[in-house]
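What follows is a single structure, written as structure tokens, with notes after it.
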Amino acid sequence: MCPTAGSRIGSCSSRVKADHGIDCGDRCRTPDSEHYPRQHADAVRPLQRLASTARLHASSGIIRPRAAIRSQAIIDAITPDPDSATAQLGAVERQQAIVEWVNTRGRASVRDLARHFGVSEVTIRLDLTFLDEKGLLVRSRGAALVKNRIARELTLREKHGEHAALKRKLGEATAKLIGNGERIIVDSGTTTEEVAIALHDHQDLVVMTNGLNIANRLATAEQVEVMVAGGLLRKKSLSFYGATAEASLRHLHFDKVILGVDGFDLKLGLTTHFEAEASLNRLMCRASEQIVVVTDSSKFRRRGFHAICDIKDIDVLVTDRGIPADYAERIAQLGTRVILVD
């Protein structure tokens, strides 16, 4: 048999020529021959290149050459299942689903993921490499593992895209806790930005903030006086930090601080990723009568690297009904007021 065209000795000429543009003629030998002639080796190389190219382009659905179809091993490795509903997912949707799949199970093999999503193993490996670089899961040999509970810091743009509708509801619920005539601090962040948007109808309000995005939102609120902490601007989060920012708080007193967090853990308390921001947040808490934390439930069981305060220091928590039961129970035991939004 000719291993290239799958025909008997001497009969593979037309097939090989048609598929590869190479005629191995009468010199093809059986697979157990001591060696293959040069023409046969030349015929094998295009098939190897085809397999390599097919692996790179499997996800685009362009695997069509007859030689590739004839090579069942190649087809099994790189062709998506056309009957799989998940095969129709776009790259972004598939990658998001992969993260959820791995987080639910703790671990998933490349083979299982390829089968479930109806794409090639090569495509899954590319997805896992991308997700690992983003810090959303850990790529292991032939598998993906759930990321540990140290949360990755997202950029402000990424945060804007997360739970946008829920953040609006959280912002509106938090704004109702603030009375006219109060002096408050609004921490930087995208959830607290929604609080700022909901403050536009308040009267005689003084808002101090370390967030450039917060100050921009309040710039058009006629009855809100805006104070900016100053200092160095951290462009990733559009937040001010440093000695100047901290000095601006030391001789002031506020009714409330509206605090956003990167992580909320029963043992570590409230946490964030940036040390200077954690230091400034601690000063905000000390300068305020009440600490109001506003966060969606995705932040529970997450840990940033730097602690802000203990959960027993929180006066009011505004979150959604996705809060874990053990967290809700523990927070209630501490006497913290909890406001849940749908």
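The values are calculated or read from the model by the stated rules, or taken from the named source; none is laboratory data. Treat the numbers as computed from the prediction; the structure is a model and nothing was measured. In this analysis, Cβ positions are derived from the backbone assuming ideal geometry, glycine residues included, and neighbour counts consider all displayed protein chains.
General remarks:
- Filter result for Arg330 (assigned by TED's automatic domain parsing to the domain that holds Ile291 and either in contact (Cβ under 8 Å) with a residue 40 or more places away in the chain or within 19 Å of Asn281 (Cα to Cα) (or both)): yes
- If you check His163, His200 for being at pLDDT below 80 and assigned by TED's automatic domain parsing to the domain that holds Ile258, only one passes: His163.
- So Ile331, is it of a type in the set (Val, Ile, Thr) and either part of a loop (DSSP other than H, G, I, E, B) or crowded, with 18+ Cβ neighbours inside 10 Å (or both): yes
- Filter pass, Asp204 being of a type in the set (Asp, Glu) and at positive phi: yes
- Any hit, region 246-261, residues being modelled with pLDDT under 95, touching a Ser or Thr at 6+ places or on another chain (Cβ under 7 Å), β-branched (Val, Ile, Thr) and not in a strand (DSSP E or B): yes
- Count of region 198-221 residues, restricted to those that are hydroxyl-bearing (Ser, Thr, Tyr) and in a strand (DSSP E or B), is 1.
- Any chance Gly335 is at pLDDT below 95, of a type outside the set (Phe, Trp, Tyr) and either within 20 Å of the chain's Cα centre (by Cα) or over 20 Å from Thr191 (Cα atoms) (or both): no
- Any hit, region 299-309, residues being surrounded by fewer than 15 Cβ atoms within 10 Å (Cβ to Cβ) and at negative phi: no
- Of all residues in region 310-319, exactly one satisfies the criterion of being surrounded by 19 or more Cβ atoms within 10 Å (Cβ to Cβ) and not β-branched (Val, Ile, Thr), namely Leu317.
- Taking region 316-330 as the range and being within 14 Å of Val294 (Cα to Cα) and hydrophobic (A, V, I, L, M, F, W, C) as the test, the residues that pass are Val316, Leu317, Val318, Ile323.
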